[in-house]
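The values are calculated or read from the model by the stated rules, or taken from the named source; none is laboratory data. The structure presented is a predicted model; accordingly, all values stated were derived computationally and were not measured. Cβ placement follows ideal geometry from the backbone for every residue including glycine, while neighbour counts extend to all protein chains displayed.
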Amino acid sequence: MVATKRVYLLTGMPGTGKTTIIREALSRSERSAGGFYTEEIRVKGARQGFQIVTLDGETAILAHIEIHSPYRVSKYGVDLSNLERVAVPAIERAVKHHDIVVIDEIGKMELFSSAFREAVMEAMESGKLVLGTIMLKSDPWADKIKRHPAVELILVDRTNRQQVLRRLLQWMESPRS
């Protein structure tokens, strides 16, 4: 069954391919998309942090082992100023100018920012299609998003990636009223 909801969020354990599914779906879709995704920063195979990559090509470090910040997730210091300078405006531009708003990801690091949380809510209430990933672990704010009536939440694992990709492509291309 094709999802009819306007917000499609993938969740699952790290490394199951959620971002890869989104990037693959976007590359196959005719719809215009804006927003951002996150990707690992690796040096000699070791993860050093994460960067924000907007769909229009801007990048900024989100978190890194060498960032000293009061906002920390595990060994990573989180740079909220970069999140609010790059990711939040990317969401806002996508709401104004694109068919699909990509928010990858709604996770622990991003939830430190009230501006980010506001941008997520505005995107969800915009009437636009919103495609993103959300943390699997329980968090009061993220759990509220997962239960939102506009949200279709899909659990991704290593065995269902192709099925999720097909379902996502159908959702992206289905006509909207």
Looking at segment 73-103, which of its residues are acidic (Asp, Glu) and either surrounded by fewer than 20 Cβ atoms within 10 Å (Cβ to Cβ) or modelled with pLDDT under 95 (or both)? GLU84, GLU92, ASP99
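Here is a list: GLU118, GLU66, GLU58. Which entry is surrounded by fewer than 18 Cβ atoms within 10 Å (Cβ to Cβ) and more than 19 Å from GLU39 (Cβ to Cβ)?
GLU118
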How about segment 121-138: which of its residues are assigned to a helix (DSSP H, G or I) and crowded, with 20+ Cβ neighbours inside 10 Å? ALA123, MET124
So how many residues does segment 149-177 have that are closer than 25 Å to LYS96 by Cβ and surrounded by 16 or more Cβ atoms within 10 Å (Cβ to Cβ)? 6
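Tell me the residue from LEU165, LEU111 that is out of contact with any strand residue (DSSP E or B) (no Cβ under 6 Å at 6 or more places or on another chain), within 19 Å of TYR76 (Cβ to Cβ), at pLDDT 95 or above and assigned to a helix (DSSP H, G or I), please.
LEU111
Per-residue answers, yes or no, for (1) within 15 Å of ASP104 (Cβ to Cβ); (2) at pLDDT below 95:
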site: ALA119; (1), (2): yes, no
site: ALA123; (1), (2): yes, no
site: GLY127; (1), (2): no, yes
site: VAL130; (1), (2): yes, no
site: LYS146; (1), (2): no, no
site: ARG158; (1), (2): no, yes
site: GLN170; (1), (2): no, yes
Inspect segment 28-46 for any residue being part of a helix (DSSP H, G or I), among the β-branched types (Val, Ile, Thr) and surrounded by fewer than 21 Cβ atoms within 10 Å (Cβ to Cβ) and give the result as yes or no. no
Do we find that GLU84 is in contact with a helix residue (DSSP H, G or I) (Cβ under 9 Å, 6 or more places away or on another chain) and either outside any strand (DSSP E or B) or closer than 20 Å to SER29 by Cα (or both) in this structure? yes
Could you check how many residues of segment 139-162 are without any contact (Cβ under 8 Å) to a residue 60 or more places away in the chain and assigned to a helix (DSSP H, G or I)? 7
